[in-house]
Structures are given as structure tokens and as C-alpha cells.
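One structure is given below, encoded as C-alpha cells.
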Amino acid sequence: MNATHELTQTPAELSFPSRLPHVGTTIFTVMSALATQKGAVNLGQGFPDFDCDPRIVDAVAHAMRDGHNQYPPMAGAAPLRQAIAAKIDSLYGRQYDADREITVTAGATQALLTAILCCVHPGDEVIVIEPMYDSYVPSIELAGGKPVFVSLEAPDYALPFDKIAAAITPKTRLLMINTPHNPTGRVWREADMRKLEEIVSGTNVLIVSDEVYEHMVYDSAPHESVSRYPELAKRSFVVSSFGKTFHVTGWKIGYVAAPTALTAEFRKVHQFNVFTVNTPMQVGLAQYLGDPAPYMNLPAFYQKKRDFFRAGLANTRFKMLPCDGTYFQCVDYAGISDLPEAEFAQWLTSEIGVAAIPVSAFYHESHESGVVRFCFAKKEETLQLALDRLAKL
């Protein structure tokens, strides 16, 4: 064996224990690959199939041509942080200091990971309300924390505040909440926030509030951000996403608003896991935020899609669950099949030509409710094609 060949070998002793031994290929990757293979309409993954406003692209292109192509400040470009602070104040009445309390992030997922890493120590407990976005638990485990699960149950996914209160122990460091809620479309109301205030008052529990769908609340209801509530805001990292709001999920730009002391700890981690975020996109977004119409009109834009999709689903054998927010519609398929959720989703993709996601995939262990999730952030013709296929069931 020659020396060159020896160098190409991978010695067995270089193997090492996985930091995330239970994480494999996600259901989203599996279902999207199957949808492509079968030529199915992909209502599984949560992103639009239509273009964003060309004005926002022009704003970013102008920023590039105007020379905004080097590092911005670690916390984010000042004009964007100022625009974010003004937006939160206008919508929710909370005044965050743009310099000390707003941080621009590389999407919401990085914001969530960074918030967890900055405050969760090995052995700390983190309360997670499931079904949940799939980054929560791996992020907690990477920090050495212990997830403590509180489950919502179909069909109404009501918040079990007695169980949330009972889950708090002296080891509880953090509580993760998500409103509007992915995957169920449930929206927290004022009464829910007041109950949460009562539960955490007098404790040292911090909150990560995932509000990436804040501008997708329907039927004239307001989005109840934790930033509206002083007892909650003082202990919360509030996470949102420009990708969701402006139909540019591939840009991966979000932000975190938090009190000064929490932001200081957040930035200690942020500066070493991404340092900062794409400069021309920040400058372009700051300019685009000067007009509030795009995000103020978003509820009506998506409610029209929701209503169109639900009207079509009424002609199928699916039973629709409530959808008060997000761009996801959950359905009960008990009247169609008794297959487990993952198997039904694969059958629906392969045989009917419409991809969905099993809601059981959003729980930490097997949790069958006979419910799958569709995404309606699609062109009307995409939704109509899917509905035509589903009506044949």
C-alpha cells in the first residue's frame, strides 16, 4: 500500500459520539423528496411558491450598488434596528431601545438557538409545548438542557395551563411558546397571556416567544405579542422573521427583541455563532419597512388564501380543524383512512398527488391523532390543483 493511498483512509479511531444521536433526516426532507419523485403538489413545506414584492428586491439591489457590502455592526445595521423598534412600539406599545435591545439574526432558527444557548446551562429544564417547531429540542439538547414536554391535544389544541404551571420546578430556566402556532394554527388570546403572567409571576423563568407568524392572525383578531405584557416582556426573548412576513424565506433574516440584560447575554453568543448578518439585505429591509402597508395588509392577504382553501376542503372528506393564524391548515382524516399519520401522508403523496406533513412529526415521541398539516402559502392555481386531487378521495 503506498503512502498516498494510506492518507485517504479514515481511521476507525476518528469516530466520535454524536451530540444529537437521535436526530436523522427530517420528515420535511422525506416528504419533499417523495413529492418531487411522484410529481405531487407540495403542500408540506412551509414556504410560498409566489414571488415577493419587487420593491424589496430593488431596495436590496440599490443597497448593494450604493456600497453597503461590508460588515455591519454585530447587532445589526442601525437603521434596521431602529425600524424594528418603531414597528414594535407602533403595534404593541412596547418601547425597545434600538441600540441595546434589538438584535438582527440569521433567520428565526438562529435566533432561537442563540436565545437558548445564552441562558440554558447543563441540567436546566426547558418547558416545551408540543406539537412544536422541530429546532426547539435539538437546540435545548445542544445547550445541555432537559426538555420538559406539555402536550396539546387535537382537535382544539387548547392550552393546558394547569399542566404548564405544574411543569415549573426550581430547575426551570426557560419556557418556549409559539403564537400563532405551527403546526396547529392556534393563536394565543389576551386571556391566555394573562394566565401565563400569573403562572410565571414571582419566578425566575425566562421565556422564548416564537412569533414568526405575527402578521398572520385572521378574522380581525390582534396578534398578542408577549411584548404587550410588561410581566412577560421583562423576561422574554421575542423572535420574529422577515422571511415569513415578506415572502423571502431564503433570505434568512430575523430579529430578537429583549430587555437590555437579556440582550447582552444573547449578543455574547450571537457574536460567535454568526457575528452579524447580510448587510445589503438589512439596509434594503430598513428602507422597505418605511411603508407599513405590506405587513399591515398581510392578514387579509393570507386570510383570502385560507378561506379559498377551506372552501375547497369543504368538498372533500377531510374534517377541518380551526385555523386562526399561520399559513397552515390541519385536517382530520379519520373519515378517509385509519393509517398512522406518517403512512397516510406518504400514501396521500404517492397515490393522490398531494404532499402533507403528519402532525405527529411535531411531537417528541409517537403521538397519533389522525391529523395532517397542509400549507396554503401558495398560488391560487397551486391550491386549486391540490383541491381537485383531494376531492377525488
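Which of the three applies to the range 57-294, rounded, prolate or oblate, going by the alpha-carbon gyration tensor with a ≥ b ≥ c and a/c under 1.5 meaning rounded? Provide the component values of the computation, followed by the final result.
Numbers: a/c = 1.87, a/b = 1.48, b/c = 1.26.
Prolate shape, in that a/c is at least 1.5 and a/b is the bigger ratio.
For the set Lys146/Lys319; Lys87/Lys244; Lys87/Lys146; Lys87/Lys379, the pairs lying more than 24 angstrom apart at their alpha carbons are Lys146/Lys319; Lys87/Lys146; Lys87/Lys379.
Placing pseudo-labels 7 Å out from each Cα toward the beta carbon at Lys268 and His364 gives an inter-label distance of 2.6 nm.
How large is the charge dipole for the range 1-124, taken about the Cα centre, if only the Cβ atoms of Lys, Arg (+1) and Asp, Glu (-1) carry charge, to the nearest 20 debye? Intermediate results must be reported in sequence, preceding the final value.
Details: 8 positive and 12 negative charges, 33 e Å.
For the range 1-124, the charge dipole is close to 160 debye.
Taking the Cα centre of the chain as the origin, how large is its charge dipole in debye, to the nearest 20, when only Lys and Arg (+1) and Asp and Glu (-1) carry charge on their Cβ atoms?
That gives a dipole near 460 debye.
A dipole drawn for the chain from +1 and -1 charges on Cβ atoms has a positive end, and of His270, Phe376, Val120 the residue lying farthest that way is His270.
When the Cα positions of Leu321, Tyr302, Ile357 are compared along the charge dipole of the range 258-377, Tyr302 comes out farthest toward the positive end, with charges on each C-beta of Lys, Arg, Asp and Glu. Taken about its Cα centre, the range 314-393 carries a charge dipole of roughly 280 debye when the Cβ of each Lys and Arg holds +1 and the Cβ of each Asp and Glu holds -1. The range 95-121 and the range 289-359 have Cα centres separated by 31 Å.
The relative contact order of the chain, computed from alpha carbon pairs under 8 Å that lie at least 6 residues apart in sequence, is 25 percent. Listed by chain and number, the aspartates and glutamates whose alpha-carbon sits under 14 Å from that of Lys304, ignoring those within fewer than 8 places in the same chain, are Asp219, Asp324, Glu380, Glu381. Per-residue extension of 0.36 nm, minus the Cα-Cα distance of Lys195 and Phe47, leaves a gain of 50.0 nm for this segment. Between Asn204 and Met296, what FRET efficiency comes out of the Förster formula 1/(1 + (r/R0)^6) with R0 = 35 Å and r the beta carbon distance, rounded to 0.05? Using R0 = 35 Å, I get an efficiency of 0.45.
Add -39500 (n - 2.57) for each DSSP H run of 4 or more in the chain, then divide by its residues: what number comes out at 222 nm, to the nearest 500 deg cm²/dmol?
Per the formula, -11000 deg cm²/dmol.
Once backbone amide H atoms are built at 1.01 Å from N, Phe149 has Val128 as its partners under 5 Å, excluding neighbours fewer than 5 places away on the same chain.
Read-outs: derived from the displayed coordinates by stated rules, not from any lab. Since this is a predicted model, take the numbers as computed values, not measurements. FYI the Cβ positions are ideal-geometry reconstructions off the backbone, even for glycines, and counts take in every protein chain you see.
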